[in-house]
Amino acid sequence: MPDQLTRLVQEMHGTGSAVVVVSPHLDDAVLSCGALLTQLARRCPVTVLTVFTAAAQLPWSLAARSQLRALGVADAEVLFEQRRAEDHAVLAEVGAAVVHLGLRDALFRRVGEAAGGPPGPGRRPAYPTFRFHAGRGRVARSEAGLPAEVGALVGEVVRASGAGVVFAPLGIGRHVDHLITRRAARGLGARTIYYSDFPYSETAVPDPGFVRRAALVPHPWLSGRAENANRIAGYRTQVPGLFPHGMVPTRPEIYWIPAKDSAAAA
């Protein structure tokens, strides 16, 4: 008997229902969900909505400067223009619609300014470093209201698309942008399925507290995973840093479905 994820895909294919995949950054959806969203896009309208898709002008935080040096890039805004173009190109091949919300990446946000508004001169970084701030899973006090703001923007897209199912990041790796996106996906009025954040999932584990509170059950999806490595390669600005040895692991994508859904479909 097929598991709940397989039954869900069969149900969506049968009805042609719309899907929204919410991605924190300009590669996360294809990294984590590329195989499944390609399968869904064959028969369903799929929209990939990416939340944090912009940088900021100088001055940049120490963490942002370090990231740019590691990528061999001198101009953050040029980099993000390239990243947005990569995302459009890859998702066009998949057959998915693309929405970029235009909010700034965590490393380029500053205290006291809106994530999508004009940057304020002289303001200090909201996340001065990656290791001790953006990568620690602690949303800055100045951004306490950001998940709700993102949720309102995501909700508009979900309602406009008529999507009955939303895929959102589980937050493995505890990057603040992934956690903000996860929180934003709550209360949208659609069925929410969480995905394991790849490649963070190669070295980190899910938050057991969140998994327990949401009563989530993991379901693997392997079909098309090897082929998805070619799509991931389309994110040329990111692949060398993500996979320095040149090989993209092809273990299954993991999706987390509430236990009550599994029980109802059994």
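The values are calculated or read from the model by the stated rules, or taken from the named source; none is laboratory data. What you see is a predicted model; the values in this text were computed from it and never measured. When we count neighbours, we look across all protein chains shown, and the Cβ atoms used for this are built from the backbone with ideal geometry, even at glycine. Keep in mind that these areas ignore ligands, DNA and RNA; they rest on the heavy atoms of the full protein, side chains included. Shrake-Rupley method; radii C 1.70, N 1.55, O 1.52, S 1.80 Å.
Structure values in brief
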| read-out | value |
| --- | --- |
| Euclidean distance between Cα centres, region 15-63 to region 153-202, Å | 10 Å |
| Max mean-square fluctuation residue, GNM over the chain, Cα-Cα springs under 10 Å, options Ser17, Ser196, Ser223 | Ser223 |
| For the chain: relative contact order, % (alpha-carbon pairs under 8 angstrom, 6 or more apart) | 24 percent |
| Highest-fluctuation residue, Arg83, Arg65, Arg212 considered, GNM on the chain with Cα pairs under 10 Å | Arg212 |
| Normalised contact order of region 139-266, rounded percent, pairs of Cα under 8 Å and 6 or more residues apart | 25 percent |
| Dipole magnitude of the chain, debye to nearest 20 (Cβ charges: Lys/Arg +1, Asp/Glu -1, about Cα centre) | 720 debye |
| Listed residue (Thr38, Ala70, Gln10) projecting farthest to the positive dipole end of the chain, Cβ model | Ala70 |
| Within the accessible area of region 63-140 (1.4 Å probe), percent carbon and sulfur | 52 percent |
| GNM result for the chain, Cα springs below 10 Å: residue of Val166, Val248, Val51 fluctuating most strongly | Val248 |
| Per-residue SASA entry for Phe130, accessible area with 1.4 Å probe, Å² rounded to 10 | 90 Å² |
| For region 20-66: relative contact order, % (alpha-carbon pairs under 8 angstrom, 6 or more apart) | 50 percent |
| Computed [θ] at 222 nm, deg cm²/dmol, the chain (DSSP H ≥ 4; -39,500 (n - 2.57); rounded to nearest 500) | -12000 deg cm²/dmol |
| Per residue, in Å², the accessible surface of the chain once ligands and nucleic acids are set aside, probe 1.4 Å | 46 Å² |
| Protection proxy ranking of 21-30, 138-147 - average other beta-carbon atoms within 10 Å, highest first | 21-30, 138-147 |
